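The values are calculated or read from the model by the stated rules, or taken from the named source; none is laboratory data. The structure displayed is predicted, hence computed values, not measured ones. Note that we place each Cβ from the backbone using ideal geometry, even for glycine, and neighbour counts take in every protein chain shown.
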Amino acid sequence: PSLGGVGYADGMTMGNQFLGQVVGIGVVAIWSIIASVIIALMVSVLFPMRVDDQTERDGLDIASHGERAWEMD
């Protein structure tokens, strides 16, 4: 075997390598988005991700901690 060279297989160029990396990044991004949406939907069935309207109007600081974090009045 010869030593040296650029390390690319026959027929492989820098552009082909770059394209392969870009395709890989795109596939992983799409996979992550789909998996995240599926997980969020499954979790939302068991644990609602929204609070009721009155709690949202009052503020989650009061609902969760019993006090205001910021005095806005």
Do we have residue 73 as over 15 Å from the mean Cα position of the chain (by Cα), exposed (fewer than 10 other Cβ atoms within 10 Å of the Cβ) and either basic (Lys, Arg) or at pLDDT below 85 (or both) here? yes
May I ask you to say which residue of 35, 40, 63 is surrounded by 10 or more Cβ atoms within 10 Å (Cβ to Cβ) and touching a Ser or Thr at 6+ places or on another chain (Cβ under 8 Å)? 63
